[in-house]
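Enquirer: Before I ask anything, here is the structure I am working with.
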Amino acid sequence: MRIGQLLLSEKNVSRVDLIGIVSHVLSLSRERILMEPERVLDEAEQGKIGHAVGERRKGKPLAYLTNEREFFSEPFYVDESVLIPRPETELLVEEAIRIIRTKDCPVVLDMGTGSGVIGINLLKNGAGSVLCTDISPDALAVARKNAHALGLATGIAFVASDLFSALKKGRSFDLICANLPYVALHEWEGLMPEVREFEPKGALVGGMKGTELYEKYLGEIGDYLKDTGVLLCEIGSEGQAAPLGAVLKKSGFEVTVLHDLAGRERVIKAFVREKAGHPREAGRGFAGGGGAEPR
Ligand SMILES: C[S@@+](CC[C@H](N)C(=O)[O-])C[C@H]1O[C@@H](n2cnc3c(N)ncnc32)[C@H](O)[C@@H]1O
């Protein structure tokens, strides 16, 4: 069979996905696949493509079939032990890079790193050092593999930890980022089968309401953030920013919410509010109020 025939013959898998599968099996770019419709596929290639197409028909996401997803213009290895990185998360990364650029050699924590997309991009974009943590050792192995593949040998470390449990008290960060699970248990059944049947539930469900894990995390975060530090966390469904923001405000944080391109509340940004009677050290402080950035 020729590539062109194959692309025309399959009706149940989208053309984009078919091209992705063929390009992965033949180790050729998508452009080359389109430029070589007359190329004859040998038996082994047809077998591998047929198998992947069958899996795709059953709903397996393309990223798990090709073991790749692009994020922030970098190719990341993914498998079923990690969430497939979502484009919405780029908003958090963009904001994190803006914050990093206001600081000198910032120390960053990426909590719930999964495939490592946040931490790795922050190290590539100016972080002094990054600690990536996750409760899943399999996810950490993927993150480590990605750091290695993207040429990051130093400045990045990986630690298995249930939230902050494996981190020493007193260890503090200039920036803490997290994209922790935030889907409510009752929403899980309503998710697309492609997500529900293939992506790790532990990377998606944050508790009955969805916000329980974040509530616990935000309750502990004050012990690990420098006085001048900033935290960013990605949130999900509408209505999560208010209760999570309230947890932070109660602990003395100044909170703002960033919206994604669809206008949805997507990222909570917070930093420690200056306490009355406890002025910050000269040069380390920031102009209180007005949402000014701590340096
Ligand atoms: C929504 S995924 C995000 C993955 C990645 N940061 C991203 O943005 O694509 C959430 C990650 O949090 C991890 N996680 C879940 N519960 C955790 C916990 N209690 N402590 C640390 N990590 C946790 C999951 O294993 C998963 O990798």
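Nothing in this text is a laboratory measurement; each read-out follows from the coordinates by a stated rule. Computed from a predicted structure; not experimentally measured. No Cβ is skipped: glycine too gets one built from the backbone with ideal geometry, and neighbour counts run over all protein chains shown.
Enquirer: Count charges around Val53 for me, please; just the other residues with Cβ under 9 Å from its Cβ, Lys/Arg as +1, Asp/Glu as -1.
Expert: -1
Enquirer: Along the Cα→Cβ direction, 7 angstrom out, place labels at Ala160 and Val257. What is the inter-label distance in nm?
Expert: It works out to 3.7 nm between the two label points.
Enquirer: Let me ask something else. If the cut-off is a Cα-Cα distance under 29 Å, which lysines reach Lys249, setting aside same-chain residues fewer than 8 apart in sequence?
Expert: Correct list for Lys249: Lys103, Lys168, Lys169, Lys209, Lys216, Lys226, Lys269, Lys275.
Enquirer: To continue, here is another question. Report the FRET efficiency, 1/(1 + (r/R0)^6), for Ser27 and Arg86, where r is their Cβ-Cβ distance and R0 is 25 Å, rounded to 0.05.
Expert: Once rounded, the FRET efficiency stands at 0.40.
Enquirer: Write down the percent of antiparallel bridges among all DSSP beta bridges whose residues are both part of the chain, to the nearest 5.
Expert: Here the antiparallel bridges make up roughly 45 percent for the chain.
Enquirer: How big is the Kirkwood radius of segment 1-118, worked out from every pair of different alpha carbons and given in Å to one decimal?
Expert: After inverting the mean inverse Cα-Cα distance, the result is 16.4 Å.
Enquirer: So if we plug the beta-carbon distance of Lys11 and Lys249 into 1/(1 + (r/R0)^6) with R0 = 41 Å, what FRET efficiency do we get, rounded to 0.05?
Expert: Between Lys11 and Lys249 the formula returns 0.15.
Enquirer: While we're here: Taking N as the number of residues in the chain, what value does Rg over Cα atoms divided by 2.2 N^0.38 Å take?
Expert: Cα Rg divided by the expected 2.2 N^0.38 Å: 1.13.
Enquirer: Between Glu189 and His51, how many nm apart are label points set 7 Å from Cα along the C-beta direction?
Expert: Reported label-point gap for Glu189 and His51 is 3.6 nm.
Enquirer: I would also like to ask the following. Helix-derived [θ] at 222 nm for the chain: sum -39500 (n - 2.57) over DSSP H runs of at least 4, divide by residue count, nearest 500?
Expert: The helix contribution divided over the chain gives -10000 deg cm²/dmol.
Enquirer: Please report, in cubic angstrom per residue, the volume enclosed by the convex hull of the alpha-carbon atoms of segment 122-200.
Expert: Taking only Cα atoms, segment 122-200 has a hull volume of 132 Å³ per residue.
Enquirer: Please list the radius of gyration and Dmax for segment 1-55, considering alpha-carbon atoms only, with Å as the unit.
Expert: Final numbers for Rg and Dmax: 9.8, 26 Å.
Enquirer: Need one number: nm distance between label points at Glu215 and His148, each 7 Å from Cα along Cα→Cβ, rounded to one decimal.
Expert: Each label point is offset 7 Å from its Cα along the Cβ direction, giving 4.0 nm.
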